[in-house]
Amino acid sequence: MKPSKQGTTINPRNQDSENKVGSVLVVGGGIGGIQATLDLAESGYKVYLIDSSSSIGGIMAQLDKTFPTNDCSMCILSPKLVECGRHLNVEVLTCSEITTISGKAGNFDVALSQHPRYIDLEKCTGCGECSKFCPVDAIDRFNKGLTNTTAIHIDYPQAVPLVYTIDREKCIGCGLCKNVCLADAVNYSDKEREVRLNVGAVILAPGVEEFNPNLKSEYGYGRFLNVVTSTEFERILSASGPFKGRVERPSDGEIPQKIAFLQCIGSRDVSCGNGYCSSVCCMYATKEAVIAKEHMNQLEPTIFYIDMRAYGKDFDKYIERSKKEYGVRFVRCRVSEPLASAQSPGLPSTGILTRDHLTSYGVASVESKEGTEKSTVSNTTDIRIPLAIIIFAIWRILPLILWEVNRGT
Amino acid sequence: MTAYNFEPEILGFLCNWCSYAGADLAGVSRIQYPTNIRIIRVMCSARVDPTFILEAFIQGIDGVMVLGCHLGTCHYLTGNYNTERRMKTAKKVIKKVGLDAERLFVDWVSAAEGERFATFVKKFTDKIRNLGPLGKETAFDNETLKSRLVAAKEALAQDKIRWLVGRERELVEEKNVFGEKVTQEEFDKLMHQTIEKEFAKRRILLSIDKNALSVKEIAQKLGIPTNVVLKNVMALESDGLISVIGIDGNTPKYQITRV
Amino acid sequence: MSEVRVGVFVCHCGTNIGGFLDVPELVKYALSLPNVAFTQENKYTCSETGLSEIKKAILEIQLNRIVVASCTPRTHEPLFRSACKEAGLNPFLFQFVNIRDQCSWVHMHDKEAATKKAKDLIRMGVANAVLLEPLEELKIDVNPKAVVIGGGISGMTSAISLANRGFEVRLIEKSEKLGGTLNNLYKLYPTQIDASNLVTAKIGEIEKNSRIKVLTSSQVLDVDGFVGNYTVKIKQNNKVQNYDAGVIIVATGADVYKPSDLYSYDGERVITQLELEKALKRGEVKAQRIIMIQCAGARTKERPYCSKVCCPTALKNALLIKEKNDDSQLYILYRDMVTPGTEFEDLYGKAREAGINFIKYSPEKEPIVENESLKVYDELLGEELTLPYDLVVLSTPMVARSDSKELAQKLKVPVDEHGFYLEAHVKLRPVDFATDGIFVCGCAHWPSNVDESIFQAYGASSRASIPMSVGYVTTEPLIPVVDEEKCTGCGLCEMNCPFKAIKIEKKEKGRKANVIAASCKGCGTCGAGCPQKAITMKHFTDDQIIAQVRALAEVTS
């Protein structure tokens, strides 16, 4: 095939092309929004990628590894982030939320509200001098509150755009960052602004939110420091997280012995309004157990589940590997609540209330491994096991309807 | 430079997508490590030809690191499986030369493992510092060591070893043209023999580079038994690489065939 | 060869480099290197000012190589390459030296040693730059036509999707009619719509669309070419014809395992879920006492995977039977009930409420099907149960089509250990193959529900439409170049290339390796392994790398 110097461009042959705008608005800069953006941009469309936070990346940027390949999440995400930042057809609008949409398929008018980050996007080089000197601590939301960051900060080192943001709520307005900034990028008079866009189509990819563990207070979230959610655990596992990849207990920084993963907390649970199955938790709990063990071989992870749902490609294989190669234990039972153990004050232990048979089946092995707990197993229905960390595994779909779409006639 | 303040020279080959990015992350995270290492960037660790490693040693570099993506996560899918096998062979050849094969370090670093990269560099630099300057572990003088290294590099540039290295995976893990699997032992044995032979041939060629020599003279110069030299000389003659320049009494003398 | 004139720009990067290395010293040093005609230090080389300095120097000083010593090529190489291009210099004559992320930032407390390291790196960079050659990215036209192999729900959906975008599609179906597995299904879960209605609707859309040409009773005999330029040889009845296409979509579906060796399967009293489906469609299910066994032949050593669709299918069929006949007694024997998501979990709840019984069994104690009754050990109850039955339904897994491997070889794409097509990356590129221009969707890839097969079909056609929309693909400039004098046609390069981008072809001088630039990714594995050293890797040549090694070892003055 002879290569040609100038390619022939074929335009999509839509007969009815009047008043059709050749741009697309993608709402949400997680991996779904990013992939849609890149595919459209490659095809020749102009894409506006908006996100309410200060950088794109979404949940995937917070993960350590992905199942079933155990790929490093940031490593496979980061080239896509860079591409979004560089692609001539893509305009990334962060700190942005939609206020109104009107119009019809082919021609939408969108009003966005962009809240200020107080840093000039064109000037900031992401060097980090400002954060080095900032005297004010702020909760690091990216790290799920496990550490603090500074009032002027960036979510993570590979963020796109690589531009810092000031958390106005925490910032005391001391003016130091402006003085130390080498690129003169700080702008305290930055204001909320409105951006208007005219697009042909809108793709909604707002992602999900984690279930609020406080709604199931019997599991001790908030009461025990060592009861964490799955995203918190992902940050604990991350090499770029608060503990640099060492699996440590939030209560005292010690490396835990046993980790319990409690599945279906807040899902398959009509009592808190979520009767559905969250689909991904069986797999990601297994992944977290495997990765935790890879980081620290002495850990003993146990997953307490109702049904193991490993239906995707290579998923079942992953579960079997986790059992055989990593020694992850799977116990089919519903944990009732963690109790403070007299043996180890400050650490939660769990009483598993089960029927007789399950007690002797599932728990006996823990007991014999454990050795420190004296309680007899076979006939009792109530076993206490000191556990270091209990992890929830649930997601909840963020309500999609955030605004009214006014359709014209 | 005295033995007390020997600072090794380290060369690293890093792949664009994983280890080079990991090294960048170490920088972004301001993780400090010794200044001895110099990095050459390649797109994939599979770009690293074993002859590059030998060239580094020929140039006097004390230690070489080759870092790629974790197996199964190579940006080019299967590149690093090639790296693994090639570097394994390179180590065998380095050992044959007489150097400590630990002077070649091969491992996997992902783009998120800045800390791991720095730790590897620190540990490797320490190790080489303890091993001493290149060749300290051998009894060879500089000239002999260099000529052995050059012979090794040329052996690795020849088709025999390169072909075997490239075919190893399929032969050992899947099947040969007869549908049979070759055992790792069988393969390793063949590779061992091939390395011996190719290395000897190249050393012989180097030994007669300036002057024509007889089999006995070559044997003495190189410290290889005469019958082994003879076998390889015959092979080289069939290859057309050397020829008899003349017979001195009862002793044929061989020289490199110049075109 | 004209004189090589290198310009070296050393960046301060604010204080990120300047605060830890002696930048003026580096600039002075760079000027002392051979072939260096110009040096400059910049506060931020990547700023507008820095970039215009580079462009100015190229034009005024007639520089033909640019070296920037600053942060990292992973973020800034494209930027500087563009700057060179704008000044009329081939972008591949640009060289990056990393003296920040891999120098100043990691050696913050030893200025002397760090500066010496930076000198070495600059010296290596200049040595490399001198050997760089201009490279072109070629554009290869893409044929805006698609071939879709397989006329089931995913094949039909992707054909319609591509045709709606304006591309011509050839839809190839092995059997006499479109519809695939849907033709054998009764109602679809969770909506309970008729499968046949869905098929009729899709066929209607296809018939209305003049861009889709359907070829039934047709098989793919051979596939040749590369992205944008495929030729597919198709046999319809006894006629053979070639069709050209830019992209190919594989939508060949899967079969349902027939367990001749399990649970006393006889096709009459012990049947598969698919056979039950057919019987339900014909209204022939009269049995009262029905037991369904999940994971029949799945999650075993022979087929160690979960087939995803069987649990919802069993629930659906059980509910259908119960709704028709409230007196029926239904048992579902399961290992794990796999009903992910909102609607399937709902279905499970409904089934329980309808009075369908669920018994958990363990793979170590499989149920035993006897003549009149079935014995199963209930794990939750802790007892063995004996259940009389009229009908036993085995939920067997989907398995790859028996000819999937054969077609895969013709397409030169891989299959996994179960025979399902192997995608480029299970997370990042689930509908692509590593070979550009070929895509996969539906059960050919992995057991899927109907809605998933449809989503994947949309995904595959979206991905397939990218090269066709653009109209061309750009070739990788970092390609191998084969010296045919040295090449012996041994084929090692072809065997080891993951992208099928180098092939042995018969040429005048014999068997020689031939590079397919459109498919190459520039990894260099062929070059590093070629037994004859007949391959030169553009932009990362052996000479360049050796030059860097030698430059490093040079004693600095």
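The values are calculated or read from the model by the stated rules, or taken from the named source; none is laboratory data. Predicted model only: the values in this text are computed from it and were never measured. Here the Cβ is made from the backbone with ideal geometry for all residues, glycine too, and neighbour counts use every protein chain on show.
Going through segment A:268-288 one residue at a time, which ones are at pLDDT below 90 and assigned to a strand (DSSP E or B)?
A:Asp269, A:Asn274
Looking at segment B:183-201, can you tell me whether even one residue there is farther than 30 Å from B:Ala46 by Cα and within 22 Å of the chain's Cα centre (by Cα)?
So far as segment B:183-201 goes, no, none of its residues is farther than 30 Å from B:Ala46 by Cα and within 22 Å of the chain's Cα centre (by Cα).
Only residues that are crowded, with 19+ Cβ neighbours inside 10 Å, within 14 Å of chain C (Cβ to nearest Cβ) and more than 17 Å from the chain's Cα centre (by Cα): list them for segment B:117-159, please.
Hits for segment B:117-159 are B:Phe117, B:Ala118, B:Phe120, B:Val121, B:Thr125.
In segment A:159-172, which residues are within 20 Å of A:Lys123 (Cβ to Cβ) and either small (Gly, Ala, Ser) or part of a loop (DSSP other than H, G, I, E, B) (or both)? Steps first, please.
First, pick out the residues of segment A:159-172 that are within 20 Å of A:Lys123 (Cβ to Cβ): A:159-168, A:171.
Residues satisfying the conditions are A:Ala159, A:Pro161, A:Leu162, A:Val163, A:Tyr164, A:Asp167, A:Arg168, A:Cys171.
Hey, C:Thr435 hits all of (1) modelled with pLDDT of 90 or more; (2) away from chain A (no Cβ under 13 Å); (3) assigned to a loop (DSSP other than H, G, I, E, B) but one; which does it fall short on?
If we test C:Thr435 against (1) modelled with pLDDT of 90 or more; (2) away from chain A (no Cβ under 13 Å); (3) assigned to a loop (DSSP other than H, G, I, E, B), just (1) comes out false.
Would you confirm, using the coordinates I've provided, whether A:Ser78 is in a loop (DSSP other than H, G, I, E, B) and of a type outside the set (Val, Ile, Thr)?
Spelling it out, it is not the case that A:Ser78 is in a loop (DSSP other than H, G, I, E, B) and of a type outside the set (Val, Ile, Thr).
Would you mind listing the strands (runs of 3 or more DSSP E) fully within segment C:316-423 where at least 3 residues are closer than 30 Å to A:Gly273 by Cβ?
Working: elements: C:329-334, C:357-360, C:373-378, C:383-388, C:391-394, C:398-400.
Counting at least 3 such residues, we get C:329-334, C:357-360.
Taking segment C:295-315, which residues are assigned to a loop (DSSP other than H, G, I, E, B) and closer than 20 Å to C:Gly253 by Cβ?
Once the filter is applied, which keeps residues that are assigned to a loop (DSSP other than H, G, I, E, B) and closer than 20 Å to C:Gly253 by Cβ, segment C:295-315 yields C:Gly297, C:Ala298, C:Arg303, C:Tyr305, C:Cys306, C:Ser307, C:Lys308, C:Val309.
Tell me yes or no: at least one residue of segment C:398-405 is within 14 Å of another protein chain (Cβ to nearest Cβ) and either of a type in the set (D, E, K, R) or more than 25 Å from C:Thr181 (Cα to Cα) (or both).
So far as segment C:398-405 goes, no, none of its residues is within 14 Å of another protein chain (Cβ to nearest Cβ) and either of a type in the set (D, E, K, R) or more than 25 Å from C:Thr181 (Cα to Cα) (or both).
Report the residue count in segment C:438-461 for those that are over 15 Å from the mean Cα position of the chain (by Cα) and outside any helix (DSSP H, G or I).
Selection size over segment C:438-461: 3.
So which pairs qualify, if the first residue must be in segment C:333-357 and more than 9 Å from chain A (Cβ to nearest Cβ), the second must be among the polar types (S, T, N, Q), the Cβ gap must be under 7 Å, and the two must be at least 6 apart or on different chains?
Going by the 7 Å Cβ cut-off, the qualifying pairs are C:Leu333/C:Gln294; C:Leu347/C:Thr339.
Quick one: is C:Ile321 of a type in the set (Val, Ile, Thr) and farther than 25 Å from C:Lys187 by Cα? Explain how you work it out, then say what you get.
Details: of a type in the set (Val, Ile, Thr): yes; farther than 25 Å from C:Lys187 by Cα: no.
Criteria not met by C:Ile321.
Scan segment B:2-18 and give yes if some residue there is more than 8 Å from chain C (Cβ to nearest Cβ) and assigned to a helix (DSSP H, G or I), otherwise no.
No - not one qualifying residue is present in segment B:2-18.
Restricting to segment C:464-498, what's the tally of residues that are away from chain A (no Cβ under 14 Å) and in a loop (DSSP other than H, G, I, E, B)?
Total meeting the criteria: 12.
For segment C:503-557, enumerate the residues that are within 25 Å of C:Asn90 (Cβ to Cβ) and of a type in the set (Ser, Thr, Tyr).
Correct list: C:Ser519, C:Thr536, C:Thr541.
Every residue in segment A:52-75 that is on the phi > 0 side of the Ramachandran plot and in a helix (DSSP H, G or I), please.
To start, the set of residues in segment A:52-75 that are on the phi > 0 side of the Ramachandran plot comprises A:57-58, A:70.
Hit for segment A:52-75 is A:Gly58, nothing else.
Select from segment C:99-147 the residues that are more than 8 Å from every other protein chain (Cβ to nearest Cβ) and assigned to a strand (DSSP E or B) and write down the one among them that is farthest from C:Ile466 (Cα to Cα).
Among them, the one singled out is C:Val147.
Would you check if B:Gly22 is facing chain C (nearest Cβ under 7 Å), at pLDDT below 95 and either buried (at least 21 other Cβ atoms within 10 Å of the Cβ) or within 20 Å of B:Glu154 (Cα to Cα) (or both)?
No, not satisfied.
Kindly indicate which of B:Leu77, B:Leu54, B:Leu71, B:Leu99 is hydrophobic (A, V, I, L, M, F, W, C), within 12 Å of chain C (Cβ to nearest Cβ) and farther than 16 Å from B:Phe13 by Cβ.
Criteria check complete, one pass: B:Leu77.
Does A:Cys124 satisfy the criteria of being modelled with pLDDT of 90 or more and more than 22 Å from the chain's Cα centre (by Cα)?
Working: modelled with pLDDT of 90 or more: yes; more than 22 Å from the chain's Cα centre (by Cα): yes.
Yes.
Look through segment C:406-460, keep the residues that are among the aromatic types (Phe, Trp, Tyr) and more than 25 Å from C:Thr339 (Cα to Cα), and return whichever of them is surrounded by the most Cβ atoms within 10 Å (Cβ to Cβ).
C:Phe439
Any residue at all in segment C:248-258 that is more than 32 Å from the chain's Cα centre (by Cα) and either surrounded by fewer than 20 Cβ atoms within 10 Å (Cβ to Cβ) or part of a strand (DSSP E or B) (or both)?
Taking every residue of segment C:248-258 in turn, none turns out to be more than 32 Å from the chain's Cα centre (by Cα) and either surrounded by fewer than 20 Cβ atoms within 10 Å (Cβ to Cβ) or part of a strand (DSSP E or B) (or both).
Can you tell me which condition B:Glu113 does not meet? The list is (1) farther than 24 Å from B:Ser29 by Cβ; (2) buried (at least 24 other Cβ atoms within 10 Å of the Cβ), and all the others hold.
B:Glu113 satisfies every listed condition except (1).
Would you list the strands (runs of 3 or more DSSP E) that sit entirely within segment C:1-83 and hold 2 or more residues that are within 25 Å of A:Val82 (Cβ to Cβ)?
C:6-11, C:65-70
Assess whether C:Val549 counts as being in a strand (DSSP E or B) and either surrounded by 20 or more Cβ atoms within 10 Å (Cβ to Cβ) or modelled with pLDDT of 95 or more (or both).
no
Answer yes or no as to whether B:Leu205 is under 21 Å from the mean Cα position of the chain (by Cα), under 17 Å from B:Lys160 (Cβ atoms) and modelled with pLDDT of 90 or more.
yes
Which members of segment A:87-114 meet the condition of being in a loop (DSSP other than H, G, I, E, B) and modelled with pLDDT of 95 or more?
Filtering segment A:87-114 down to residues in a loop (DSSP other than H, G, I, E, B) leaves A:87-89, A:94-95, A:105-106.
Across segment A:87-114, the qualifying residues are A:Asn89, A:Thr94, A:Cys95.
Looking only at residues in segment C:158-194 that are assigned to a strand (DSSP E or B) and of a type in the set (A, V, I, L, M, F, W, C), which one is nearest to C:Glu343 (Cα to Cα)? Lay out the reasoning, then the answer.
Residues of segment C:158-194 that are assigned to a strand (DSSP E or B), as a first pass: C:168-172, C:187-188, C:193-194.
Going one step further and asking which of them are of a type in the set (A, V, I, L, M, F, W, C), we end up with C:169, C:171-172, C:188, C:193.
Numbers: C:Val169: 34, C:Leu171: 32, C:Ile172: 33, C:Leu188: 12, C:Ile193: 14 Å.
By that ranking, first place goes to C:Leu188.
Restricting to segment A:301-359, give me the number of residues that are part of a helix (DSSP H, G or I), at pLDDT below 90 and facing chain C (nearest Cβ under 9 Å).
Qualifying residue count, segment A:301-359: 3.
What's the number of the only condition in (1) within 30 Å of C:Pro91 (Cβ to Cβ); (2) not assigned by TED's automatic domain parsing to the domain that holds C:Leu63 that C:Glu207 fails to meet?
Unmet condition: (1).
Report yes if some residue within segment A:141-154 is within 14 Å of chain B (Cβ to nearest Cβ), outside any loop (DSSP other than H, G, I, E, B) and under 25 Å from the mean Cα position of the chain (by Cα); otherwise report no.
no
Restricting attention to segment A:209-267, report how many residues are more than 14 Å from chain B (Cβ to nearest Cβ), of a type in the set (D, E, K, R), in a loop (DSSP other than H, G, I, E, B) and under 14 Å from A:Thr147 (Cα atoms).
Qualifying residue count, segment A:209-267: 3.
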